[in-house]
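Below: the structure, in structure tokens.
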């Protein structure tokens, strides 16, 4: 069961979303927050798997709440769900620690699927959000230059990573151990000066797709 907290200052939206997500057998709403300060307190109290976080809320907005929760409880994953697709909100939310950013217009079944993917460790960006994120990444390296930085095996791993596959799935596809995949990823992160697999996946999507 994936335990959720909904953080949104619009009661009708919270109630509607909660009712729709309650139809999913593997999702459980454990609490609802009307603003960021509530979300922080409820995160401490309930220790959910995932928080669905609006960005513009009174008292304490979603970006600040995301940063506090991510710092205190880094194992709690945060999915921004908002009406705002402003670049500032997107990048501040992701920099604060959110692993996903969807708009409220996203159909409930797709939100449910995004929650499941987030629980598995995959970042989730809406179709209008992803291009904004990709455009802010470092300029693409020429493909001829890419092969000078990585071994053929590492390029294969990057390709798999860009498809959203987990370490286990990559290991199975390439017939390697998960430990070997982790070692290659560590080298890849160093080469690209990135901190995690989400950033590496975005880089690979832009440069290798």
Consider residue 84 against the criteria (1) buried (at least 19 other Cβ atoms within 10 Å of the Cβ); (2) modelled with pLDDT under 90; (3) in the same structural domain as residue 34 (by TED's automatic domain parsing): it satisfies all of them except one. Which criterion is unmet? (1)
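Kindly provide the set of residues from segment 1-31 that are touching a strand residue (DSSP E or B) at 6+ places or on another chain (Cβ under 7 Å), surrounded by 15 or more Cβ atoms within 10 Å (Cβ to Cβ) and over 14 Å from residue 81 (Cα atoms), ordered by number. Talk me through it step by step, then tell me what you get.
First, pick out the residues of segment 1-31 that are touching a strand residue (DSSP E or B) at 6+ places or on another chain (Cβ under 7 Å): 1-7, 14, 17-18, 21-22, 26-31.
Filter once more, keeping what is surrounded by 15 or more Cβ atoms within 10 Å (Cβ to Cβ): 2-7, 14, 17-18, 21, 27, 29-31.
Passing the criteria: 2, 3, 27, 29, 30, 31.
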Quick check on segment 94-109. Is at least one of its residues closer than 22 Å to residue 196 by Cα, more than 14 Å from the chain's Cα centre (by Cα) and not assigned by TED's automatic domain parsing to the domain that holds residue 166? no
So if I check each of 39, 65, which one is in the same structural domain as residue 24 (by TED's automatic domain parsing), modelled with pLDDT of 95 or more, surrounded by 23 or more Cβ atoms within 10 Å (Cβ to Cβ) and farther than 20 Å from residue 15 by Cα? 65
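Residue under question is residue 51, and the condition is that it be touching a strand residue (DSSP E or B) at 6+ places or on another chain (Cβ under 9 Å) and either under 16 Å from residue 82 (Cβ atoms) or not assigned by TED's automatic domain parsing to the domain that holds residue 125 (or both); does it hold?
On the way: touching a strand residue (DSSP E or B) at 6+ places or on another chain (Cβ under 9 Å): yes; either under 16 Å from residue 82 (Cβ atoms) or not assigned by TED's automatic domain parsing to the domain that holds residue 125 (or both): yes.
It is true that residue 51 is touching a strand residue (DSSP E or B) at 6+ places or on another chain (Cβ under 9 Å) and either under 16 Å from residue 82 (Cβ atoms) or not assigned by TED's automatic domain parsing to the domain that holds residue 125 (or both).
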Those residues of segment 183-203 that are more than 16 Å from the chain's Cα centre (by Cα) and either surrounded by 13 or more Cβ atoms within 10 Å (Cβ to Cβ) or not assigned by TED's automatic domain parsing to the domain that holds residue 152 (or both) come to a total of 6
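Rundown of residues vs (1) over 20 Å from residue 188 (Cβ atoms); (2) modelled with pLDDT under 80; (3) not assigned by TED's automatic domain parsing to the domain that holds residue 204, yes/no style:
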site	(1), (2), (3)
115	yes, no, yes
123	no, no, yes
127	yes, yes, yes
141	no, yes, no
150	no, no, no
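The values are calculated or read from the model by the stated rules, or taken from the named source; none is laboratory data. Nothing here was measured: the structure is a model prediction, and the numbers come from that model. Cβ: placed from backbone, ideal geometry, glycine included. Neighbour counts: every protein chain shown.
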